[in-house]
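> Here it is, the structure in full.
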Amino acid sequence: QVQLVESGGGLVQPGGSLRLSCVASGGMYSIYSMGWYRQAPGKQRELVASITNDGSTTYADSVKGRFTIPRDNAKKTLYLQMNPLKPEDTAVYYCNRIRITPWNWGQGTQVTVSS
């Protein structure tokens, strides 16, 4: 079973940027398509960006043009570069594999966009 640890969140003003990281340990990583999800208070968890094992990316309309999702398979690390951030991006962000039963969810990392 792979363990996932997300980091890099914080409080940022609208228009600012953040880079989230997700480190996987304990199992295979590079063969899976991965995604970043987020869950805002009172809302369901949603997939905002994903990347296949060969580097093809997909973005939700709400983040298209503002977020990118690179991955470093050698480091078993997934990133989410976010710029510019909007107040509606406020949420807890999680990473996990997509298109298959997810691994156990990590603790997530809180992103708060506020002036």
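> Students often check this: by mean Cβ neighbours within 10 Å, which of 105-115, 55-65 ranks highest, and how do the rest follow? Could the numbers behind the result be given before it?
Details: 105-115: 16.0, 55-65: 12.6.
In decreasing order of mean packing, 105-115, 55-65 become 105-115, 55-65.
> Can I ask one more? Give the accessible area for Glu88 in Å² (nearest 10); use a 1.4 Å probe, count only protein heavy atoms, and leave out ligands, DNA and RNA.
Only protein atoms counted, so the area is about 120 Å².
> Another one. Could you work out how much longer the chain between Thr112 and Val5 gets when fully extended? Use 0.36 nm per residue separation minus the Cα distance between them, nm to one decimal.
Details: separation 107, 0.36 × 107 = 38.52 nm, distance 1.86 nm.
Computed gain between Thr112 and Val5 is 36.7 nm.
> Would you grab the residues whose amide H sits under 5 Å from the one on Ser33? Only those 5+ places off in sequence or on another chain, please, with H modelled 1.01 Å from N.
The answer is Asn53, Ile98.
> If I stretch the segment between Ser56 and Ile100 completely, what's the gain in nm (0.36 nm per residue apart, minus their alpha carbon distance), one decimal?
Values: separation 44, 0.36 × 44 = 15.84 nm, distance 1.70 nm.
Working it through step by step, the gained length comes to 14.1 nm.
> Let me ask another. How much area per residue is accessible in the chain when the probe is 1.4 Å and only protein heavy atoms are counted (Å²)? Could the numbers behind the result be given before it?
On the way: 5920 Å² over 115 residues.
Per residue, the chain has 51 Å² of solvent-accessible surface.
> Another question, then. In the chain, if every C-alpha pair distance is counted and binned at 10 Å from zero, what percent goes to each bin?
Whole-percent P(r) values from 0 Å outward: 15, 51, 29, 5, 0.
> Starting from the Cα of Lys86, draw a straight line to each of the aspartates and glutamates and keep only those under 12 Å, dropping any in the same chain fewer than 8 residues away.
Those aspartates and glutamates meeting the cut-off do not exist here.
> Beta carbons within 10 angstrom, averaged per residue: use that to sort the peptides 76-82, 27-33, highest first. Working shown, then result.
Values: 76-82: 21.3, 27-33: 14.0.
Per-residue mean Cβ counts within 10 Å order the peptides as 76-82, 27-33.
The values are calculated or read from the model by the stated rules, or taken from the named source; none is laboratory data. Computed from a predicted model, the values in this text were never measured in an experiment. For neighbour counting, all protein chains shown are included, and Cβ atoms are generated from backbone atoms with ideal geometry for every residue, glycine included. What goes into the accessible areas is simple: the full protein's heavy atoms, side chains included, and nothing from ligands, DNA or RNA. Shrake-Rupley method; radii C 1.70, N 1.55, O 1.52, S 1.80 Å.
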